[in-house]
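S.K.: Dumping the structure here so I can ask a few things about it.
The values are calculated or read from the model by the stated rules, or taken from the named source; none is laboratory data. For clarity, every value in this text was computed on a predicted model and none was experimentally measured. Neighbour counts run over all protein chains shown; Cβ positions are idealised from the backbone, glycine included.
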Amino acid sequence: MRDRRSQRIGVAGGIAVALTSTLLLAFYVFGVKPGTDAPSDPLSVSIETGHPGPRVPQRFLGLSFELSRLGQIARYADRGDFVAMLRSLGPGVLRFGGISADTRVAWTDAVTPRPAWASSTLDAGALADLRRLAAKSRWRILLTIGLAHYDPRAAAREAAAAQAALGHWLAGIEVGNEPDAYARHGLRSAPWTFSRYDTQLAAYRRAIEKAAPGLDLVGPDVSGSHVFASWGRAEAIHERPALLTGHHYPLGCHSTPGPTIAGLLSRPIRRAEDASLHRYMSVAHDGSIHFRLDETNTVSCGGKAGISDTFASALWATDYIAHAMLAGVWGINVQGNPANCRSYTPVCAPSVRQLAEGALIAQPEWYALLLSKALVGDRPVRATATPSPANVDVIALLGDRGELHVVIVDDDPPGAKRAAVELHVGSRFGSATALSLTAPSLAATLGVRLGGRAVGRDGAWSGPARLERIPNRSGAITLDTSPASAVLVTIAGRPQG
């Protein structure tokens, strides 16, 4: 792999930061810090729009929750802020899975009693609530059916009930959560191989096809890209799923040394993430099957307070989502827990009462999703930076109306020098506007702003406080970035001919 920044600088769209040498834009709007600190040597970015990549799918953005939370979240169809928050992102995909799908939740109906191992159940009533949530929000549903407690007949009844209840809102069924890790978690005896998994999966598939004809199965929903090279490739060959799926967590909860903000935003992590996306997409391309990153966030095992709930997580998510778009990923689901505001989660409830009422609040990562919404439907284009930047990432995408989106993420800590950025776009484009993602510090859990505004208690974001134009001077947009900020720069296209 190439150096993180030299590789990442090439592609994606819509972000830029705050301040030109002639325009002092307010820090709270653009993330550009006025002052006497001179910016670093200019970073020259050449953007080529002649050969754009595949379009970012309309349902690219998504959220993921434990299956054990499905009943509670489905009831938000009729209460609270969740529907409004989902609609603020446009159409997306809600995924329900996680380890609880295999270890705690069982399907029940008139002929399927609750098994002794299950601590909670899923039934037709919860699926009816989920349909109302899907219809009101316009979000489709990806549902995981447990494989660890092997029961193809119960799985088929569950799949048929989901198909009947959700109709076209059901995007697909996954069988098992991270099945490659079953032996590590004591859910299967070793050696647990793809061949053994595939034998059991085939039995599930036959039963589901009989009970719910035409239902899309997706998978293998593996724990990471390293195992996907074998399991994902074999799944593509033997099962031909409608969609390939897998997970990504840049930091491990049990790693030594332990996870930190500095580690999350480090060059080695970013390089590893580029390599991981490459492994996923190589298998997807070889199999001619789309790949969705259906579960991802900062630190595994539920996240880590002081990292996962901070502004640093929003910077990480902004950059990672843009690079997933660049790589050609079909979509991304950010994992969350609405009951724990100190975990990794885009939305949560601060109290038990608010959780029951659906009075959710936006966490830092929600702002990354709001920023990324502008890139949906765009096509990645090539961006090349000189010299290769250490801690500033630049990604560019071309919009349908000829506008150019440039995302700039500055991972330097507060107090570092501002980075001067020159975006060489030529005469085809006009002036630019900048929408900045900022907070008081990388460790901040409060005070996150997008365009100078916070998300309202009802989930609404009213748009930027103000936008000022950055001129195109001789084919270049010139601006400075503040450390510990991200910016979405939108450069208007000029009428051709």
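S.K.: In region 399-424, how many are assigned to a loop (DSSP other than H, G, I, E, B) and buried (at least 24 other Cβ atoms within 10 Å of the Cβ)?
M.R.: Qualifying residue count for the region: 2.
S.K.: Still on this structure, I have one more. Which residues, taken from region 103-156, are in contact with a strand residue (DSSP E or B) (Cβ under 6 Å, 6 or more places away or on another chain), surrounded by fewer than 21 Cβ atoms within 10 Å (Cβ to Cβ) and closer than 20 Å to LYS210 by Cα?
M.R.: Within region 103-156, just THR108 meets the criteria.
S.K.: Tally up the residues in region 463-472 that are over 22 Å from the mean Cα position of the chain (by Cα) and either among the hydroxyl-bearing types (Ser, Thr, Tyr) or at pLDDT below 90 (or both), please. Even if it seems obvious, please write down each step before you answer.
M.R.: Step one: of region 463-472, the residues over 22 Å from the mean Cα position of the chain (by Cα) are 464-472.
This time we only want the ones that are either among the hydroxyl-bearing types (Ser, Thr, Tyr) or at pLDDT below 90 (or both), so: 464-469.
Number of matching residues: 6.
S.K.: Something else about it: Would you please list the contacts, defined by Cβ atoms under 9 Å and residues six or more apart or on different chains, that run from a residue in region 383-396 that is aromatic (Phe, Trp, Tyr) to a residue that is assigned to a strand (DSSP E or B)?
M.R.: Hits for this filter: zero, empty list.
S.K.: From the residues in region 426-441 that are surrounded by fewer than 23 Cβ atoms within 10 Å (Cβ to Cβ) and of a type outside the set (S, T, N, Q), which one is nearest to the chain's Cα centre (by Cα)?
M.R.: Step one: filter region 426-441 for residues surrounded by fewer than 23 Cβ atoms within 10 Å (Cβ to Cβ), giving 426-431, 433, 440-441.
Cutting the leftovers down to of a type outside the set (S, T, N, Q) gives us 426, 428-430, 440.
On the way: GLY426: 32, ARG428: 32, PHE429: 29, GLY430: 31, PRO440: 23 Å.
Checked region 426-441; the qualifying residue nearest to the chain's Cα centre (by Cα) is PRO440.
S.K.: Go through region 173-185 and report how many residues are surrounded by 23 or more Cβ atoms within 10 Å (Cβ to Cβ) and either of a type in the set (Ser, Thr, Tyr) or under 13 Å from GLY97 (Cβ atoms) (or both).
M.R.: At the first step, the residues of region 173-185 found to be surrounded by 23 or more Cβ atoms within 10 Å (Cβ to Cβ) are 173-180.
Adding the requirement that they be either of a type in the set (Ser, Thr, Tyr) or under 13 Å from GLY97 (Cβ atoms) (or both) leaves 173-179.
The qualifying residues number 7.
S.K.: Could you grab me the full set of residues in region 428-458 that are part of a loop (DSSP other than H, G, I, E, B) and either within 23 Å of GLY399 (Cβ to Cβ) or in contact with a Pro (Cβ under 9 Å, 6 or more places away or on another chain) (or both)?
M.R.: ARG428, ALA439, PRO440, SER441, LEU442, ALA444, THR445, LEU446, GLY447, VAL448, GLY451, GLY452, listed by residue number.
S.K.: Within region 65-86, does at least one residue satisfy the condition of being at pLDDT below 95, surrounded by 24 or more Cβ atoms within 10 Å (Cβ to Cβ) and among the hydrophobic types (A, V, I, L, M, F, W, C)?
M.R.: No, because not a single residue in region 65-86 is at pLDDT below 95, surrounded by 24 or more Cβ atoms within 10 Å (Cβ to Cβ) and among the hydrophobic types (A, V, I, L, M, F, W, C).
S.K.: Right, next: Would you be able to say whether some residue in region 338-354 is part of a loop (DSSP other than H, G, I, E, B), out of contact with any Lys or Arg (no Cβ under 9 Å at 6 or more places or on another chain), among the aliphatic types (A, V, I, L, M) and assigned by TED's automatic domain parsing to the domain that holds GLY258?
M.R.: yes
S.K.: Condition test on ILE307, is it in contact with a helix residue (DSSP H, G or I) (Cβ under 8 Å, 6 or more places away or on another chain), touching a residue at least 12 places away in the same chain (Cβ under 8 Å) and in a loop (DSSP other than H, G, I, E, B)?
M.R.: Details: in contact with a helix residue (DSSP H, G or I) (Cβ under 8 Å, 6 or more places away or on another chain): yes; touching a residue at least 12 places away in the same chain (Cβ under 8 Å): yes; in a loop (DSSP other than H, G, I, E, B): yes.
Taking the combined requirement at face value, the residue satisfies it.
S.K.: Could you look through region 470-497, keep only residues that are in a strand (DSSP E or B) and free of Cβ contacts under 8 Å to residues at least 60 places away in the same chain, and pick out the one that is surrounded by the most Cβ atoms within 10 Å (Cβ to Cβ)?
M.R.: Step one: filter region 470-497 for residues in a strand (DSSP E or B), giving 470, 472-473, 476-481, 485-493.
This time we only want the ones that are free of Cβ contacts under 8 Å to residues at least 60 places away in the same chain, so: 472-473, 476.
Working: ASN472: 21, ARG473: 13, ALA476: 17.
Across region 470-497, the extreme among qualifying residues is ASN472.
S.K.: Given the condition assigned by TED's automatic domain parsing to the domain that holds ALA356 and in a helix (DSSP H, G or I), answer yes or no: does some residue in region 141-152 qualify?
M.R.: Pass one, region 141-152, residues assigned by TED's automatic domain parsing to the domain that holds ALA356: 141-152.
Of the ones still in play, those that are also in a helix (DSSP H, G or I) are 152.
Yes.
S.K.: Could you look through region 350-368, keep only residues that are of a type in the set (Gly, Ala, Ser) and within 23 Å of TRP316 (Cα to Cα), and pick out the one that is surrounded by the most Cβ atoms within 10 Å (Cβ to Cβ)? Spell out how you get there, then give the answer.
M.R.: Filtering region 350-368 for residues of a type in the set (Gly, Ala, Ser) gives 351, 356, 358-359, 362, 368.
When the remaining residues are screened for being within 23 Å of TRP316 (Cα to Cα), the result is 362, 368.
Working: ALA362: 23, ALA368: 28.
This residue is ALA368.
S.K.: If I filter region 414-432 for residues that are more than 21 Å from THR49 (Cβ to Cβ), of a type in the set (A, V, I, L, M) and free of Cβ contacts under 8 Å to residues at least 24 places away in the same chain, do I get at least one hit? Give the derivation first.
M.R.: Narrowing region 414-432 to residues more than 21 Å from THR49 (Cβ to Cβ): 414-420.
When the remaining residues are screened for being of a type in the set (A, V, I, L, M), the result is 416, 419-420.
Still in the running and free of Cβ contacts under 8 Å to residues at least 24 places away in the same chain: none.
Checked against the condition, which is being more than 21 Å from THR49 (Cβ to Cβ), of a type in the set (A, V, I, L, M) and free of Cβ contacts under 8 Å to residues at least 24 places away in the same chain, region 414-432 yields no hits at all.
S.K.: A further question on this structure: For region 319-330, enumerate the residues that are at negative phi and not aromatic (Phe, Trp, Tyr). Working first, answer last.
M.R.: Within region 319-330, the first condition is being at negative phi, and the residues that meet it are 319-327, 329-330.
ASP319, ILE321, ALA322, HIS323, ALA324, MET325, LEU326, ALA327, VAL329, listed by residue number.
S.K.: Picking from ARG240, ARG188, which residue would you name as being basic (Lys, Arg) and crowded, with 17+ Cβ neighbours inside 10 Å? Working first, answer last.
M.R.: Numbers: ARG240 fails: crowded, with 17+ Cβ neighbours inside 10 Å.
When all the criteria are applied, what remains is ARG188.
S.K.: Give me the pairs: first residue in region 275-297 and touching a residue at least 60 places away in the same chain (Cβ under 8 Å), second residue among the charged types (D, E, K, R) and assigned to a strand (DSSP E or B), beta-carbon distance under 9 Å, and six or more apart or on different chains, which are they?
M.R.: Listed by first residue and then by second, the contacts come to ARG292/ARG95; ASP294/ARG95; ASP294/GLU174; ASP294/ASP221; GLU295/ARG95; GLU295/ASP221.
S.K.: Moving on. Among the candidates ARG233, ARG270, ARG279, which residue alone is within 22 Å of ASP393 (Cβ to Cβ), out of contact with any Phe, Trp or Tyr (no Cβ under 8 Å at 6 or more places or on another chain), outside any loop (DSSP other than H, G, I, E, B) and among the basic types (Lys, Arg)?
M.R.: It is ARG270.
S.K.: Restricting the search to region 101-118, which residues are without any contact (Cβ under 8 Å) to a residue 40 or more places away in the chain and under 15 Å from ALA148 (Cα atoms)? Break it down stepwise before answering.
M.R.: Within region 101-118, the first condition is being without any contact (Cβ under 8 Å) to a residue 40 or more places away in the chain, and the residues that meet it are 104, 108, 110, 113-118.
Residues satisfying the conditions are ARG104, PRO115, ALA116, TRP117, ALA118.
S.K.: Out of PRO338, PRO364, report the one residue that is touching a Cys at 6+ places or on another chain (Cβ under 6 Å), closer than 22 Å to GLY447 by Cα and of a type outside the set (A, V, I, L, M, F, W, C). Give the steps one after another, and end with the answer.
M.R.: Values: PRO364 fails: touching a Cys at 6+ places or on another chain (Cβ under 6 Å).
It is PRO338.
S.K.: Confirm whether ALA396 is within 16 Å of the chain's Cα centre (by Cα) and either buried (at least 24 other Cβ atoms within 10 Å of the Cβ) or over 24 Å from SER266 (Cβ atoms) (or both).
M.R.: Details: within 16 Å of the chain's Cα centre (by Cα): no; either buried (at least 24 other Cβ atoms within 10 Å of the Cβ) or over 24 Å from SER266 (Cβ atoms) (or both): yes.
It is false that ALA396 is within 16 Å of the chain's Cα centre (by Cα) and either buried (at least 24 other Cβ atoms within 10 Å of the Cβ) or over 24 Å from SER266 (Cβ atoms) (or both).
S.K.: Could you please let me know if GLU209 is among the charged types (D, E, K, R) and touching a strand residue (DSSP E or B) at 6+ places or on another chain (Cβ under 6 Å)? Give the steps one after another, and end with the answer.
M.R.: Numbers: among the charged types (D, E, K, R): yes; touching a strand residue (DSSP E or B) at 6+ places or on another chain (Cβ under 6 Å): no.
So GLU209 does not fit the description; no.
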